[in-house]
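Input: a single structure, listed below in structure tokens.
The values are calculated or read from the model by the stated rules, or taken from the named source; none is laboratory data. Everything numeric here is computed off the predicted structure, so don't read it as measured data. Reconstructed Cβ throughout: ideal geometry from the backbone, glycine too, with neighbour counts over all protein chains shown. Protein only, heavy atoms only, side chains kept; ligands, DNA and RNA dropped before computing areas. Shrake-Rupley method; radii C 1.70, N 1.55, O 1.52, S 1.80 Å.
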Amino acid sequence: MSKHVRKKLGKNDKAKDARGTLRRLWNYLSEMKVILYLVILMVFISSAAALFGPFLVGKAIDEYIVTKETSGLIGLVIGLVAVYIFHSLSVWFQNYWMIGVAQDTVYRLRKDLFHQLHQLSIPFFDKRKHGELMSRVTNDIDNVSATLNSSFIQIISSVLTLAGTVSIMLWLSPLLTLITLTIVPLMALGMKWITKRTGRLFKQYQQNIGELNGYIEETISGHSIIKTFSREDTAIKDFGEKNQRLRTAAYWADTYSGFIPKLMNVLNNLSFAVIAGVGGIFALNGMITIGVIVIFAEYARQFTRPLNELANQYNTLLSAIAGAERVFQILDEEEEAKDEGDAVEIDSVEGKVEFQHVSFSYEKGDQTLQDVSFTITPGETVALVGPTGAGKTTITNLLSRFYELNEGTIEIDDQNIQTIKRKSLRQQMGFVLQDSFLFQGTIADNIRYGRLEAGDEEVREAAKLANAHSFIEKMPEGYDTMLRHDGSGISQGQKQLLSIARAILSNPSILILDEATSSIDTITELKIQEALKRLMKGRTSVVVAHRLNTIRQADQILVLDQGRIIERGSHNELLKQRGFYHGLYHSQLKESG
Ligand code: ADP
């Protein structure tokens, strides 16, 4: 696309409080205040030099060429060369320093943002789309960086150049200035006429390119589905249509926007003709000198450029401010509440867990948990069962203090968990969740995430206990095999074995398990069951249970429905009651065949 097409502003491109955002951005910039002032000084020098050059040419004509005074002329030409060298040097320095300021500023912004992301509470992340957060850390910051790099200098220099040219022109000949400036409204009208059309075309172009990119992404990530359904031809045909639409839109958008520089050129030439003609008449009447005509002609050429640039920079600047505002919004988010001043660290716990009349709601108004009470003695396994949305995961969220309860107390070893430092509390716990989180790194690194200081031998031991050793050994590079963060390359079941190994290595007193519901082949399933049994042995375990096996072997089963415990007891006791659990169990038995 031509760079002359101005970016249309979307709804995300407008800052709510542009002034406040600029002030905060200034706070970031001002850490490099000295260099920034140097940049501004250089912009002053380069703008002044750009104004001074034509002025000297005019002077040369009037004072030396017309009077045929060669020696003065040579001196002036040397002066002119010096002015232009000064101009180039100052432009070079301002760019060089500004790059430093911009990169340093966004470096600090990125650092603060990343730091802040790790201080934020789980509720913050639960409420937001991950893609959107990623976009703030990457795109929005990039946008700020690019704008600082280019727009900052351009805006100052454009304003200075405009003010400077108009002032000198007015000083030299107010009348000729007025006549020259008549070209400005003409230029504005022409621009408006074109941008109205290009704006529409550009929007279409954006829409089409969005559709095409989305389609490409969809077909690449879903290529195996396309092949299984033999839909290659349809895909190619659909793509062809979208591609065609994009071509048409881009063609017209480019064609129209290509008019902008042409129009500018015509108007520039027109203003030159006006200055030459009217200026000529004035000169014949002795109102101005020939040198002044030359200065005017040169200035007229100079001031359409900053006008154009200011117009171009305006939208870029607005969307960068909006981006900066979104970054600041995250920086303003409340961090996970600090631990109470007298909160303590705990070294090791027996693993007694007690919920006393716990009530909780995520949103005001709907009760997620109501009056939940239960006690787990150290080493016991408690299975939480019940329909989806009953509140099982919420119980584990409160136990690990990802969320804070509203009423009641939760105690570990008879100590209220609110008096324990969060980090210390979580260190006593191990998590094996449905979505086993793997990051880019070797298998050994992924297991070691459970306890960073563990040696190779301990990692192997843990893997053996987790039944993961044999499949790891079969991988091309064993424990050094690289994994990607999406875990592609290993199966769902193997991912779970790795996260069990990780939990074994971290050796927690309290385990929180969220069993996977996804189907896994029988052999791996057996391996997982066996590994889990080893992991849970001697530890207090809270299991969000889906598998009959775990449920049957649990010391205590809590049946939840709509945030309340409606039945409790061992598997056999509950079956005898012939209540909710009885029904749930039999329907599951039927499903699992
Ligand atoms: P379960 O694990 O039994 O399926 P959950 O504990 O996840 O149930 O959810 C209990 C209720 O709380 C559901 O109605 C669910 O929609 C709601 N809920 C869960 N997480 C959140 C959250 N982060 N914000 C708001 N509501 C939530």
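Annotation: of all residues in region 114-134 being within 14 Å of the ligand (Cβ to nearest atom) and of a type in the set (Phe, Trp, Tyr), the one that is farthest from the chain's Cα centre (by Cα) is 124. In region 202-212, the count of residues that are open to solvent by less than 90 Å² (accessible area, probe 1.4 Å) and outside any helix (DSSP H, G or I) is zero.
Screening the candidates 509, 470 for the property of being at pLDDT 85 or above, touching a Ser or Thr at 6+ places or on another chain (Cβ under 9 Å) and either more than 23 Å from residue 379 (Cα to Cα) or buried (at least 21 other Cβ atoms within 10 Å of the Cβ) (or both) yields one hit, 509. Of the residues making up region 555-571, those that are within 13 Å of the ligand (Cβ to nearest atom), among the aliphatic types (A, V, I, L, M) and open to solvent by less than 30 Å² (accessible area, probe 1.4 Å) are 558, 559, 560. Only residues that are buried (at least 19 other Cβ atoms within 10 Å of the Cβ) and closer than 18 Å to residue 76 by Cβ were counted in region 282-292, giving 3.
When we screen 303, 374, 355 for residues that are closer than 30 Å to residue 26 by Cα, of a type in the set (Phe, Trp, Tyr) and open to solvent by less than 20 Å² (accessible area, probe 1.4 Å), the only hit is 303.
Screening 146, 235 for residues that are closer than 29 Å to residue 106 by Cβ, assigned to a helix (DSSP H, G or I) and among the small types (Gly, Ala, Ser) leaves exactly one candidate, 146.
Condition check for residue 66 on (1) open to solvent by 20 Å² or more (accessible area, probe 1.4 Å); (2) within 27 Å of residue 43 (Cα to Cα): one failure, at (2).
Matching residues to (1) hydrophobic (A, V, I, L, M, F, W, C); (2) open to solvent by 20 Å² or more (accessible area, probe 1.4 Å):
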site	(1), (2)
123	no, yes
129	no, yes
132	no, yes
140	no, no
144	yes, no
151	no, no
160	yes, yes
165	no, no
182	no, yes
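Taking residues in region 145-165 that are aliphatic (A, V, I, L, M), and partners anywhere that are at pLDDT below 90 and surrounded by 18 or more Cβ atoms within 10 Å (Cβ to Cβ), the pairs with Cβ atoms closer than 6 Å and at least 6 places apart or on different chains are 155/313; 162/303; 162/306.
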